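Below is one structure, written out as C-alpha cells; comments come after it.
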Amino acid sequence: MTISYESSGTAPSGQILAEVCVLADAVQSDALVLTDTFPSVTGRFWVTTLGRTENVQLLVTPADGQSPTVQNITLRAQPIWKAAKLLGWLLAFVAADALLLRLRHTPVCEWGTPLLLLSGVLLASLPYCREFLFAGHDLNFHTYRILNLAQSMADGQFPVRLFTRGFNGYGIATPQFYCDLFLYFPALLYIFFVPLQRCFQIYVILVNAATAASAQYSFARISGSKKAAAVAAFCYTLASYRLTNVLVRAAVGEYTAMVFLPLVVLGAWAITVQERPTPRDWLPLSLGMAGLLQSHLLTAEMSALLLVLYCLVRARTLFTRARLAAAVKASLTAVGLSAWFLVPCLDALKNERVMVSGIHPSPLQSTGLGLAELAGLTADPKTDMVLTIGLSGILSLLLALWGCLQKDAQPARDVLRTALPFAVLTLLFSTCYFPWDVLQSVLPEKITDILYKFQFCWRWLSPTAVLLGVLTATGLQLLARDRRLQATAAALLLGLTLTCAGSFYTAYSRTQDRYTRISTDTATAYPLLTMGYDYLPAGTDLEIFSNIQAVAENPAVTADWQGSGLLTCTNPTDTETPIALPLLAYRHYTAQAADGTVLPLSANGAHCLCVTVPAGYNGTVTVHFAEPLLWRLAELVTLATVLALALWRPLRRRTPAREAALAR
C-alpha cells in the first residue's frame, strides 16, 4: 500500500504528520507513519486467512496541530507471495518426510535420541510460534538488519556492504563491522513478501534446530555416547543464558554463535587426542571459528582467548608435527572461509572512525554476577535478567567432579579433568569476584581495549554453557555401567532444565510487550531504536537524517537529489562548487558526471559527502558505492576455500570405523 500526501509544513524536520492503520478482520499490518520528510510512504499489510476480507477501512490519525492532505492510495497485490507459501509448505513436507524416514530406519528403542532433540527444539521455539513478536532488547536493530539486507539485495548489491536505504537513505556501514551472512536467508524470505516477523521467527527456529544438532554431534564424539549427548544437547538448547539471549535480549549474533561453540570445543579436543588428526578432527574447529567470526565477533574473541589458554595447558600433547599441522590447517581454513568478511572488517576498523570506535571499556567488575544469581535463586538486580547456570548446571559440575575422582575410565576422566577447570574459570570470569578492575588498572590500554570489548562479565556464561554440555555428556557416559543410576541422573538433569525453562517462560510471557511487525519501512524512531548508531561516523548528529535534500554551497547553484544516488544539478557560475549530499561520508563512494568523468568527493563537518561540480556543468551526477579490489579478492579466497572443501575427496569418504561406536 502506497500513500501519497502533502504536508502543510515548509522545511523537512522529521515531524510526524499522521498515522494510518488498516482496520479489517484477519488483517495484520504496521501503522504507516506520514512525516514531512517524504511525499509518500509504502508499507505492507497481510491477509491472514484463506477467505475473502471485506469492509477494509483505513484510519488516519493526524498528529496534534497537523493537517496533512492524502492525495491518493494505491493497493497492489504481490502474486509472488503465493509461490512463497507453496514453497514453504513443500519444504515443511520434505522436513517431515525426512524425519519419518529417519525414524523408520531407526529401531523403536532408539527413537528417544531424535525425539528428545526434537522436543528441545520445539520447547525453545514455542514463544516464536505466535501471531506476534515478544519485545526484546535488540529486536528492533536485528529486524532492521534483515529489512535493510533485503532492500540492498533488491537494489542489486551483493554481497551487501552498505545499507544504502538506512537512516532515510543516508546509508550505514553496519555490514562491514557486523557480519550478516546468516541473515541472508530471512532477508530472501522478506524479498518474497514473507512478513518480517515471520522471517525472524523462522530464523530463530532454524537456529534452535542447528544448535541442537551441533551440540548432539559434538558432545557425542567427545563422550562416545549418542544418548548421553542427546541429554546434554537438550540441556544446552534450553540453557537459561541461551534462552535469555534468544528471548529477553534478542541478541541474534550471540545466540547464533552458540551454534558453533560446540564445534570449536570438539575440534580443539579432537586435535589434541588424535595422534594423527584427520580432516574430521580439525575441520569442526575451522567451521566453528569461521561461524563465530561471521556471527558474533565478541564470542569469537572470547573463544580465541580460551583456545590460546587450552593450547598452553595441552602444550606437551599438542606440539607434535601431525597435531601442529592439523591446527595450522584448521586456522587457515577458518581464515579462508571468513576472508570475505574479515578483510573489509579489518579495513573499516583501521580506516573508518565510527561511534563505537570511541567507546572505551568501562569497569567490568560492576557487571559481574553473585553466587545467588549464578545459582538461579534471584535475577540479576542490575539487569533484571535471569543470568544463571541453574540447578542443572550445578548438578553437571557435581557430576563432573565425581567423574574426575574416578580411577578408571581414563579417556572420559581426562576430558572431565580438562573441561571442568575451564568451566569453573569461565564461571569465575562472569562473576563480580574476578579482579577485572585491578587488571584494567595495571594492563596497557591497548590490551584492555581488546580484553574488555565483551562489555559485560556475564557474556562468559556463553562458553560456560557449552562446557557444561561437555561435562554433562561425559559425566553421564561414566555412569553407563550402572544403567539405573545413569537413567536417574539423566532424568534429574532433564527435569531441572524443564523446571527452569518453564519458570522462565511463565515470567517472560507475563512481562514482555507484544507487537506485530509485517514491515518496518515506516518506523519513526529509526536512529536509536531500529538501526542503531554504533557504526555511524563518529560525531554524527542524528538530527540531520530528517533532511534528504542536496544543498549547494553557492546559492546560485541548483541541486535536486533524486534519491538512489542520482543528483540533478546546474552550476551557472565560473567556479567549481561543492554540493552536500544526504549520504554519510563512508569510503569507497564514487561520483561520475553524465559523460563518465569522475568528480571529487569529500566530507563536510556533518560527516556527509560533498561532490564538487565543475563550472558551467548542467546535468546529472551519479553517486554509488563500489567495493575496492582488495575486498573482491577476499571474496574469491572464500569462494575458493568453499569449493576446495566441497570437492576434497577425504571429506566425502565414508565414516571411519571409530565413529561407528557412536551408534550405540
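One way to sum up the overall shape of the range 61-188 is the equivalent ellipsoid from its Cα gyration tensor, whose semi-axes run 39, 20, 18 Å, largest first. Relative to the globular-protein estimate of 2.2 N^0.38 Å, the Cα radius of gyration of the range 313-444 stands at 1.45. Model label points for Thr317 and Leu206, set 7 angstrom from Cα along the Cα-to-Cβ axis, are 3.6 nm apart. Residues whose amide H lies under 5 Å from that of Leu17, counting only those 5 or more places away or on a different chain, are Leu34, Thr35, Asp36; hydrogens are built 1.01 Å from N in the peptide plane.
Can you give the log10 of the normalised intensity I(q)/I(0) at q = 0.13, 0.16, 0.17, 0.18 Å⁻¹, computed with Debye over equal Cα scatterers of the range 56-130? The Debye formula, applied to the Cα set alone, gives -0.70, -0.85, -0.90, -0.95. What separates the Cα centres of the range 312-327 and the range 168-226 is a distance of 33 Å.
Surface analysis of the chain yields an accessible area of 47 Å² per residue, using protein heavy atoms and a 1.4 Å probe.
Size of the range 422-519 from its Cα atoms: along the principal axes, largest to smallest, the extents are 55, 46, 26 Å. On the chain, 63 percent of the accessible area sits on carbon and sulfur atoms, based on a 1.4 Å probe. What is the log10 of I(q)/I(0) for the range 2-98, computed with the Debye formula using one identical point scatterer on each Cα and no solvent, at q = 0.25 Å⁻¹? For the range 2-98 at q = 0.25 Å⁻¹, log10 I(q)/I(0) is -1.30. Amide H contacts of Gly136: none lie under 5 Å away among residues 5 or more positions distant or on a separate chain (H built 1.01 Å from N in the peptide plane; Pro and chain starts excluded). Modelled spin-label separation between Gln274 and Ala372, with each label point placed 7 Å from Cα along the Cα-to-Cβ direction: 4.8 nm. Taking 30 Å as R0, compute the FRET efficiency from the Cβ-Cβ separation of Leu645 and Glu301 and round it to 0.05. Computed FRET efficiency for Leu645 and Glu301: 0.75. Dipole magnitude for the range 375-504: about 420 debye, using +1 per Lys or Arg Cβ and -1 per Asp or Glu Cβ, origin at the Cα centre. With the whole protein complex present, Glu19 retains an accessible surface near 80 Å², based on a 1.4 Å probe.
Measuring r between the beta carbons of Glu110 and Leu485 and using R0 = 22 Å, the FRET efficiency lands at 0.55. Based on the Kirkwood radius over alpha-carbon pairs, what value in µm²/s does the Stokes-Einstein equation return for the translational diffusion coefficient of the range 368-478 at 25 °C and 0.890 mPa s? D, rounded to a whole number, is 163 µm²/s.
Taken about its Cα centre, the chain carries a charge dipole of about 3960 debye when Lys and Arg each add +1 at the Cβ and Asp and Glu each add -1 at the Cβ. Per-residue ellipticity at 222 nm computed for the chain from its helices equals -15500 deg cm²/dmol, with DSSP H segments shorter than 4 residues left out and the rest contributing -39,500 (n - 2.57).
Divide the volume of the convex hull around the Cα atoms of the range 234-273 by the residue count and you get 64 Å³ per residue.
Pairwise Cα distances in the range 163-268 exceed 20 Å for 50 percent of all pairs.
The share of Cα pairs per 5 Å bin across the range 137-176, counted from zero up to the longest distance, runs 6, 27, 35, 23, 7, 1, 0 percent.
So, R0 is 25 Å and r is the distance between the beta-carbons of Thr53 and Ala31; what FRET efficiency does that work out to, to 0.05? Efficiency at R0 = 25 Å is approximately 0.85. In the P(r) worked out for the range 262-345, what percent of Cα pairs fall beyond 21 Å? Result: 23 percent of Cα pairs exceed 21 Å. Tyr5 exposes around 10 Å² of accessible area when a 1.4 Å probe is run over every protein chain in place.
Mean projection of the Cα convex hull over all viewing directions, computed for the range 181-241: 5.0 nm². Taken over the range 200-336, the convex hull of the Cα atoms encloses 105 Å³ per residue.
Equivalent ellipsoid of the range 524-616: semi-axes from √(5λ) of the C-alpha gyration tensor, largest first, are 26, 13, 12 Å.
The Cα atoms of the chain cover 90, 59, 51 Å along the three principal axes, with the biggest extent listed first.
Listed values for the range 474-479 are Karplus-derived 3J(HN,Hα) couplings in whole Hz (6.51 cos²θ - 1.76 cosθ + 1.60, θ = phi - 60°), namely 6, x, 5, 5, 5, 8, and x replaces Gly and Pro.
The values are calculated or read from the model by the stated rules, or taken from the named source; none is laboratory data. Owing to the predicted nature of the structure, the values given are computational and were not obtained by experimental measurement. Here the Cβ is made from the backbone with ideal geometry for all residues, glycine too, and neighbour counts use every protein chain on show. Each accessible area value is taken on the protein alone, full model and side chains, heavy atoms only, with ligands, DNA and RNA left out. Shrake-Rupley method; radii C 1.70, N 1.55, O 1.52, S 1.80 Å.
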